Amino acid sequence: MIVGLGFVLLLLGLAAAPPAEAGPWPRRDAAPVGSAAPDAGGAPDVGGVPDTGGAPDAGPRVPESGARAGARTFKGRAFDTCRTPSTDTMRRWRASPYRAVGVYFGGRGRACKAQPHLTRAWMRTVHGQGWRVLPLYVGSQSTCVFARHKRNVRIGRHPWKQGTSEARDAVRRASALGMRQGSPLFLDMEAYAYGKKKCARSTLLFVRGWNREVSRQGYLPGFYSSAGSGIRHMERSRRAGVQDLPAVVWFARWGVRDGLHREPVLRRTAWTPARRIHQYAGNVRERHGGRTLLIDRNVMHAPVARID
């Protein structure tokens, strides 16, 4: 789904693994959202945004720990697909190596807007079947997004305000589906030309506004993008000490060996522990339990939705 500056990348999906293992959010990971890591060096160019990020005065920043207390994590394999499968298909896919599923629950940039199966009852049923859920929100896209079919949903003239507004919509939709506070909500930002300063600045403001509002309402702000564009942009911002960055990253790099700690654009200490998802293959057909789906493959160690 995504292409990064000279890299061919994308996101969505997972592969095979053992049964799910849930546990509380690691308490030793105490850094607040977007705080600079201990190994952060100088302040590299992050699109012309100073350390304060140019954010409006929106009151005190909500630390990541505010939502982390209720988070639950999963380590293993997951898949995602554009249209949410039926509960019967999900039951049959218990024969697969996957134990987590990504669902596109909202956003004006969502490709499969019709989601007839995705209801509160669906969430309860699949949770009861033993599935973990990864909620994806495809909101407004960067003004320099590469994908032509996403250019009709680009960020407008007031990125922080727009990001905040869309975050409220995401929380409202997640809550209506029975996802409680402490759940991660992943903002899907398709690949963009982050090297263009004006575009990078507006995109970062949108993402940070979205993150802050999601955190303020007790959820974990996640970010899904290509490793070579959006994830690289977030990592450079992290090293620069920019605040209100994602609490969890979901990076797409296809055609490589699946793994969470070999991604070259991320320092090994960044977004650890239990805060990474790697989408390593996409648009593949798999058949399990007599049902075939077109999916993306992911491996993860990260928070999953808390279901009522």
Karplus-derived 3J(HN,Hα), 6.51/-1.76/1.60, for each residue of segment 224-232, Hz, glycine and proline x: 10, 6, 6, 4, x, 10, x, 5, 4
Estimated distance in nm for a label pair at Ser86 and Lys161, the labels positioned 7 Å out from Cα along Cα-to-Cβ: 4.6 nm
Distance between modelled label sites at Gln129 and Leu294, nm, 7 Å Cα→Cβ extension: 2.1 nm
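Ranked highest first by the average count of other Cβ atoms within 10 Å around their residues, in what order do 253-264, 127-138, 84-95 fall? If you can, show how the numbers build up before the last one.
Details: 253-264: 15.5, 127-138: 20.8, 84-95: 17.8.
Highest mean packing first, the order is 127-138, 84-95, 253-264.
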Dipole in debye (nearest 20) - segment 167-308, about Cα centre, beta carbon charges: Lys, Arg +1; Asp, Glu -1: 400 debye
Approximate spin-label separation His149-Asp308, in nm, with each point projected 7 Å along Cα-to-Cβ: 3.3 nm
Accessible surface of segment 264-308, 1.4 Å probe, proportion on carbon and sulfur as whole %: 46 percent
Subset of Lys150/Lys198; Lys113/Lys196; Lys150/Lys197; Lys161/Lys198 violating a 28 Å alpha-carbon distance limit: Lys113/Lys196
Under-5 Å amide H pairs with Phe74, H placed in peptide plane, nonlocal only: Ala302, Val304
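Per 0.36 nm of contour for each residue apart, how much would the distance between Arg262 and Arg285 grow if the chain were fully extended, relative to their Cα-Cα spacing?
Fully extending the segment from Arg262 to Arg285 adds 5.7 nm.
Can you tell me the order of 299-308, 171-180 when each peptide is scored by its average per-residue count of other Cβ atoms within 10 angstrom, highest first? Could you put the intermediate results ahead of the total?
Numbers: 299-308: 23.0, 171-180: 18.5.
Peptide ranking by packing, descending: 299-308, 171-180.
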Solvent-accessible area of Lys75 with every protein chain in place, 1.4 Å probe, in Å² to the nearest 10: 120 Å²
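The values are calculated or read from the model by the stated rules, or taken from the named source; none is laboratory data. Bear in mind the structure is a predicted one, so any value in this text is a computation, not a measurement. Don't worry about glycine lacking a Cβ; one is built from the backbone with ideal geometry, like all the others, and counts go over all protein chains shown. Protein only, heavy atoms only, side chains kept; ligands, DNA and RNA dropped before computing areas. Shrake-Rupley method; radii C 1.70, N 1.55, O 1.52, S 1.80 Å.
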